[in-house]
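The structure under discussion appears below in the form of structure tokens.
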Amino acid sequence: MNNSLSIAYDFRHAPSIDQVGVEERISRLSKRSIKKESKLAALKLALSMVDLTTLEARDTPGKVRQLCVKAMHPHDSVSGIPSVAAVCVYPNLVRVAKEILKGSKVKVAAVSTAFPSGMSTRKVKLEETRYAVNEGADEIDMVISRGKFLRGEYNFVFDEIAAVKETCGLAHLKVILETGELSTLDNVRRASNIAMEAGADFIKTSTGKIQPTATLPVTLVMFEAIRDFYYRTGKKIGMKPAGGIATAKLALNYLVVLRETLGQDWLNADMFRFGASSLANDLLMQIVKEQTGTYQCIDYFSKD
Amino acid sequence: MAKKKLKNVKVNFDTNWKYAPAPESKDHILLKNRYDLFINGEFVAPKSGKYFDTINPANETKLAEVADADTYDVNRSVAAARNAYEKVWSKMPAKERGKYMFRIARAIQERAREFAVIETLDGGKPIRESRDIDVPLAAAHFFYYAGWADKLDYAAPGKKVRSLGVAGQIIPWNFPLLMAAWKIAPALAAGNTVVLKPAETTPLTALKLAEIIQESGLPEGVVNIITGAGTTGAALVNHPDINKIAFTGSTDVGKMIQKSIAGTNKKYTLELGGKAANIIFEDAAIDQAVEGIVNGIFFNQGHVCCAGSRLFVQESVADIVIHKLKDRMETLIVGDPLDKNTDIGAINSKDQLNKIKQYIKIGINEGGECYQSSCAIPSKGFFHRPTLFTNVGQSSRIVQEEIFGPVLAIQTFRTVEEVIEKANNIPYGLSGGVWTDKGSKIFKVTSQIRAGVIWANTYNKFDPTSPFGGYKESGIGREGGMHGVMPYVEISN
């Protein structure tokens, strides 16, 4: 392989992945026992990594405002609770979110490129991205063209990501592989390589609209792709599993896999995010439980 | 991928977020201060009145004292087994034998937590392994062979299958309960009675098994469990009324046993040492192969006869595999075996730790490049860092000799033919591993490596239905599966 990015990389030859081995590794890591201060630290860390998400056709400025308030102040009645990393919305609601979040550390992410299907022209995708960035989006979550990928048109997928990256300017680019449509872990690995080589700042599993959404095996394969890219280039690419991560227990499993695959440099919200909506409240319940010793009723936590 | 210098791009595993201690509780276990010999269905004191201590290798404290059986005790245990064989066990309908075995299997499952904790306390292995591997597999062996009890005729259609008599069984310290199950279950299924001697450093789970056997109502004398060191074992091997010897342990002792029973009528199976080749081809799924290397050599602190202690990596991927392996080793948690997060526990005994340290010196003196993970290890107890050697050759002693510890010797190769030759160029032949994405290569390599068990794209997988055993100096005979019944029966027309 040529080390210059200007020469096309042959993505047909992505490293092979052994699914049985991946599942065994996940099974083993899922048995790590996280207790006491270690658990509390992990719960807070996980909360600080959440991309609070609303991606529905019925989203309104009112709904987004609610979400933004929650993002900045998840549960102020208990001290020491961090704000979440970002809110994730459709492009036409970026400005609303941006106004409310002004002055806070919470970022605004916008889905783009004809999310969730990506079934549109490059022109439209770039135009939408440009619009979202101009509205103030700090981060762009794009989708890859899965149809082209499955046809083996890897260079098309690569070029599209590179073009969106260029359009993003200073905004961070997260590339959604939609692993639920890629069928094999070999494909997940190949798509991860394409996205990173094309300039992704983050790679992300899913839109949340297709089942299966994020899984631990898929996430491990993407971590390993990130690690190999780091070994080869020294560049650190971020990771975002999205969809299906609803409980604190599962979130901690993700953090264990992250810790033992990518280590310290990725254990922060700049390098790792959870794309989730209901996860935040479960994390809050567990944090309060760890601190007070009692489970509180769900009505003590805001539903947004 | 063309090679590019990996330079010093390493993953930083010194994380701010750490795992808090998560020790498994030991409140629920029952350990007596003193254990007697289990002979003829009863716990009896040794004639000599002598006992020896068994300690916890993780903190060097005494767990209990156990009886030291001498020739007199061996004689009465063999007599008890003979009596039970002649009067009860050989005459019992086969399906009734099976029922007792199912009962023992269920009792092991019911007391799985207690067995797991005691196995870890006495032997030093991580609780994760004793809980998830040793104890469930021990129960599985009893279940599996319980099924064979009334189906022996199907093992040799048209012929007669007869039991042998009294089996003398000697087991090692690396998988104490599991090895007891491997030995006792097929012997009972085939209609034999048993005198079993566990290793002197790890007798406790076998003695707990004796309690279960007593509670199960198994007829007196069918299983006898006696403790002691080498002299006790020798007395058992040399006893004239033993029909079959089953031994798992070192090749040196195996040779001594062969000599001492030469010229007698005793049948025997020996499961001895190993120095397995774990072979990584360039087309393997590399990250999963690295896991397989780790599992192959660091499972049970490397105290595994089938451990993948010789790693062969194809030269085109050697740099990346070794780089990844070193990074992976940083995440291995070495420490308190009772902690649920521990990956590598305590070395079984001080003697074994000294032996491993001796081999590290030999390896360095031979010019090997020694690498160890940077983890802290407890100051008390017997612990050893996971270690690998590069820059070693086929002639190096650490490549040729079994270390039985967490020490991996790494060699590279260029072609399939070369690696097959090197893999076979050793007195042992117990196991091996092959990692490649290409099915045809798996068949080519596995059919040419002279070893009893070869795993493809996995390592250290055990199942009661699968035979296990060695070529060459790794042993004679098979345990597990139908093959495991054969050494306990005589087949006639």
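Worth a mention:
- Reported count of residues in segment B:118-167, each being within 20 Å of the chain's Cα centre (by Cα), over 21 Å from B:Phe462 (Cα atoms) and either among the β-branched types (Val, Ile, Thr) or surrounded by fewer than 24 Cβ atoms within 10 Å (Cβ to Cβ) (or both), is 1.
- Residue ID - surrounded by the most Cβ atoms within 10 Å (Cβ to Cβ), chosen from residues in segment B:223-259 that are part of a helix (DSSP H, G or I) and out of contact with any helix residue (DSSP H, G or I) (no Cβ under 9 Å at 6 or more places or on another chain): B:Gly254
- Residue match in segment A:127-138 (condition: modelled with pLDDT of 95 or more and under 15 Å from the mean Cα position of the chain (by Cα)): yes
- Within segment A:193-211, at least one residue is assigned to a helix (DSSP H, G or I) and within 13 Å of chain B (Cβ to nearest Cβ).
- With respect to the conditions (1) without any contact (Cβ under 8 Å) to a residue 60 or more places away in the chain; (2) of a type in the set (Asp, Glu); (3) closer than 26 Å to B:Ser250 by Cβ, B:Glu418 lacks only one, and its number is (3).
- With respect to the conditions (1) in a strand (DSSP E or B); (2) surrounded by fewer than 15 Cβ atoms within 10 Å (Cβ to Cβ); (3) among the small types (Gly, Ala, Ser), B:Ser48 lacks only one, and its number is (1).
- Only residues that are within 26 Å of B:Gly335 (Cβ to Cβ) and part of a loop (DSSP other than H, G, I, E, B) were counted in segment B:358-399, giving 14.
- Segment A:218-243, residues that are more than 9 Å from every other protein chain (Cβ to nearest Cβ) and surrounded by fewer than 19 Cβ atoms within 10 Å (Cβ to Cβ): A:Lys235, A:Lys236
- Selection within segment B:476-493 - at positive phi and either in a strand (DSSP E or B) or under 16 Å from the mean Cα position of the chain (by Cα) (or both): B:Gly477, B:Gly480
- The number of residues in segment B:282-293 that are more than 10 Å from chain A (Cβ to nearest Cβ) and either more than 18 Å from B:Gly405 (Cβ to Cβ) or surrounded by fewer than 23 Cβ atoms within 10 Å (Cβ to Cβ) (or both) comes to 1.
- Subset of segment B:446-461 (residues that are closer than 21 Å to B:Cys305 by Cβ, more than 14 Å from chain A (Cβ to nearest Cβ) and of a type outside the set (Lys, Arg)): B:Thr446, B:Ile449, B:Ala451, B:Gly452, B:Val453, B:Ile454
- One residue stands out in segment A:108-127 among those that are hydrophobic (A, V, I, L, M, F, W, C) and touching a Phe, Trp or Tyr at 6+ places or on another chain (Cβ under 9 Å): the one that is surrounded by the fewest Cβ atoms within 10 Å (Cβ to Cβ), namely A:Phe115.
- Of the candidates B:Ile212, B:Ile279, the single residue that is in contact (Cβ under 8 Å) with a residue 40 or more places away in the chain, surrounded by fewer than 24 Cβ atoms within 10 Å (Cβ to Cβ) and outside any loop (DSSP other than H, G, I, E, B) is B:Ile212.
- Residue that is nearest to the other protein chains (Cβ to nearest Cβ) [pool: residues in segment B:308-326 that are of a type in the set (D, E, K, R) and surrounded by 20 or more Cβ atoms within 10 Å (Cβ to Cβ)]: B:Lys324
- If you go through segment A:260-304 and keep only what is surrounded by fewer than 22 Cβ atoms within 10 Å (Cβ to Cβ), of a type in the set (D, E, K, R) and under 30 Å from B:Asp327 (Cα atoms), you end up with A:Asp265, A:Asp270.
- Among (1) more than 14 Å from chain A (Cβ to nearest Cβ); (2) over 27 Å from the mean Cα position of the chain (by Cα); (3) in a loop (DSSP other than H, G, I, E, B), the one test that B:Asn12 misses: (1)
- Of all the listed residues (A:Val20, A:Val50), the sole one being surrounded by 14 or more Cβ atoms within 10 Å (Cβ to Cβ) and either among the hydrophobic types (A, V, I, L, M, F, W, C) or within 13 Å of chain B (Cβ to nearest Cβ) (or both) is A:Val50.
- Number of the condition not met by B:Arg76 [criteria: (1) more than 14 Å from every other protein chain (Cβ to nearest Cβ); (2) modelled with pLDDT of 95 or more; (3) in a loop (DSSP other than H, G, I, E, B)]: (3)
- One residue from A:Gln296, A:Gln291 being within 19 Å of A:Glu37 (Cβ to Cβ) and either more than 13 Å from chain B (Cβ to nearest Cβ) or modelled with pLDDT under 95 (or both): A:Gln291
- Residue in segment B:18-29 that is under 30 Å from A:Tyr231 (Cα atoms) and surrounded by 18 or more Cβ atoms within 10 Å (Cβ to Cβ) present: yes
- Some residue of segment B:475-493 being under 22 Å from B:Ile297 (Cα atoms) and free of Cβ contacts under 8 Å to residues at least 60 places away in the same chain: no
- Test set (1) of a type outside the set (A, V, I, L, M, F, W, C); (2) in a helix (DSSP H, G or I); (3) under 17 Å from the mean Cα position of the chain (by Cα); (4) within 11 Å of chain B (Cβ to nearest Cβ) - A:Asn253 fails condition number: (4)
- Residue check, B:Thr331 within 12 Å of chain A (Cβ to nearest Cβ) and surrounded by 22 or more Cβ atoms within 10 Å (Cβ to Cβ): no
- Subset of segment B:185-209 (residues that are free of Cβ contacts under 8 Å to residues at least 40 places away in the same chain and either assigned to a helix (DSSP H, G or I) or on the phi > 0 side of the Ramachandran plot (or both)): B:Ala206
- Helices (runs of 4 or more DSSP H) wholly inside segment A:1-91 containing at least 2 residues that are over 29 Å from B:Thr436 (Cα atoms) and not charged (D, E, K, R): A:36-48, A:61-72
- Condition met for A:Arg190 (part of a helix (DSSP H, G or I), touching a helix residue (DSSP H, G or I) at 6+ places or on another chain (Cβ under 8 Å) and within 14 Å of chain B (Cβ to nearest Cβ)): yes
- Residue identified as surrounded by fewer than 24 Cβ atoms within 10 Å (Cβ to Cβ), more than 26 Å from A:Ala246 (Cα to Cα) and free of Cβ contacts under 8 Å to residues at least 60 places away in the same chain among A:Glu181, A:Glu166: A:Glu166
- From the options A:Lys105, A:Lys98, residue that is outside any helix (DSSP H, G or I) and either farther than 25 Å from A:Leu45 by Cβ or out of contact with any Asp or Glu (no Cβ under 7 Å at 6 or more places or on another chain) (or both): A:Lys105
The values are calculated or read from the model by the stated rules, or taken from the named source; none is laboratory data. Nothing here was measured: the structure is a model prediction, and the numbers come from that model. With ideal geometry, Cβ positions are generated from the backbone for all residues, glycine too; neighbour counts draw on all protein chains shown.
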